[in-house]
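The values are calculated or read from the model by the stated rules, or taken from the named source; none is laboratory data. Bear in mind the structure is a predicted one, so any value in this text is a computation, not a measurement. All Cβ positions, glycine included, derive from the backbone under ideal geometry; neighbour counts span all protein chains shown.
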Amino acid sequence: MNNKEDQSIHEFDLNLIFEYFSKLERQGPGSPEITLKALSFINGLNEKSKIADMGCGTGGQTILLAKNTPGKITGVDLCQNFIDQLNRKAQDENLGDRVKGIVGSMDNLPFENEEFDLIWSEGAIGSIGFEKGINYWNKFLKKGGYIAVTYESWFTNERPAEIEKWWVDAVPQITTVGQNVSIMQNAGYVPVALFAAPESCWTDNYYRPQKPRQEEFLKEHRGNKTAEDFISLMRREADLYSKYKQYYGYVFYIGKKI
Ligand code: SAH
């Protein structure tokens, strides 16, 4: 038997998680500012460029990328509902000819070798593993193409056991920023830039908008113990962030394929 402290995100049905996040604008920490900052390190995109956005969610960053780059963008996500929302937004914004969402798994992609000029991924690579993801995606990039990925990273070499346990459980391969840069180099990318996402990406843009959604979700699933446990877990994640944010965060890793 698990007590709440030991419960893990992996024990919950994906459909429950998708349902919760389908009514939130973001499904992970981030901001338009950091998306545009990361984009500022990427050169040479033109109308013929092809971009993939892995684990695009409902497409907050996908639409922003489309508005700030030429070329075509393909968003990939496991969740049909998120992809439907992205494709609807693309139509509404008159970007339907340049943005397309497809349902698929980012570790089993239907793309050609060397198809893309840029592979983007915010808050998603941890679910297949940073090392596995950037190695697998490498073949889909043209030589000289870019990768830009946010990933949970330790800011310090050591941290309190409580937060270590939480993140190792959620993202087993979590490691330090330095180790991740080394993983990037080994995967065949020149590190171009990296920066840590500011706290507001977590607090203002991710945890705060979840509060009303949590109340709503509990009402929608009144009496459902699994839904209640899931909300407790999400609340605990937010509490842990405020307690331990000096030890970890999202880092944007930007690299260029050699
Ligand atoms: N990029 C979005 C969503 C981040 S949440 C944002 O920053 O708001 C992580 C997303 O990755 C979710 O939408 C989830 O459905 C998706 N995901 C998780 N594992 C995946 C996989 N193997 N293949 C494709 N998408 C995946």
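Residues in segment 11-29 that are within 11 Å of the ligand (Cβ to nearest atom) and aromatic (Phe, Trp, Tyr): Phe18, Phe21.
Being surrounded by 17 or more Cβ atoms within 10 Å (Cβ to Cβ), part of a helix (DSSP H, G or I) and in contact with a Leu (Cβ under 8 Å, 6 or more places away or on another chain) is true for just one of Thr35, Thr58. Which residue is that? If you could, list the steps in order and put the result at the bottom.
Working: Thr58 fails: part of a helix (DSSP H, G or I).
Result: Thr35 is the single residue among Thr35, Thr58 that is surrounded by 17 or more Cβ atoms within 10 Å (Cβ to Cβ), part of a helix (DSSP H, G or I) and in contact with a Leu (Cβ under 8 Å, 6 or more places away or on another chain).
Residues that are farther than 13 Å from Glu115 by Cβ, more than 9 Å from the ligand (Cβ to nearest atom) and either touching a Leu at 6+ places or on another chain (Cβ under 8 Å) or of a type in the set (Asp, Glu) (or both) within segment 70-85 comprise Pro70, Asp84, listed in sequence order.
Mind checking whether some residue in segment 66-78 is assigned to a helix (DSSP H, G or I), surrounded by fewer than 16 Cβ atoms within 10 Å (Cβ to Cβ) and in contact (Cβ under 8 Å) with a residue 24 or more places away in the chain? Yes: one or more hits. Within segment 138-157, is there a residue that is crowded, with 21+ Cβ neighbours inside 10 Å and either modelled with pLDDT under 95 or not in a strand (DSSP E or B) (or both)? No, that holds for no residue. Taking the criterion of being in a loop (DSSP other than H, G, I, E, B) and under 18 Å from Ser105 (Cβ atoms), the only residue of segment 38-55 that qualifies is Gly55.
All of Thr62, Thr69 fail the test of being within 15 Å of the chain's Cα centre (by Cα), on the phi < 0 side of the Ramachandran plot and of a type outside the set (Lys, Arg), apart from Thr62. Residues in segment 106-131 that are in contact (Cβ under 8 Å) with a residue 40 or more places away in the chain and either assigned to a strand (DSSP E or B) or within 7 Å of the ligand (Cβ to nearest atom) (or both): Met106, Phe116, Asp117, Leu118, Ile119, Trp120, Ser121, Glu122, Gly123, Ala124, Ser127.
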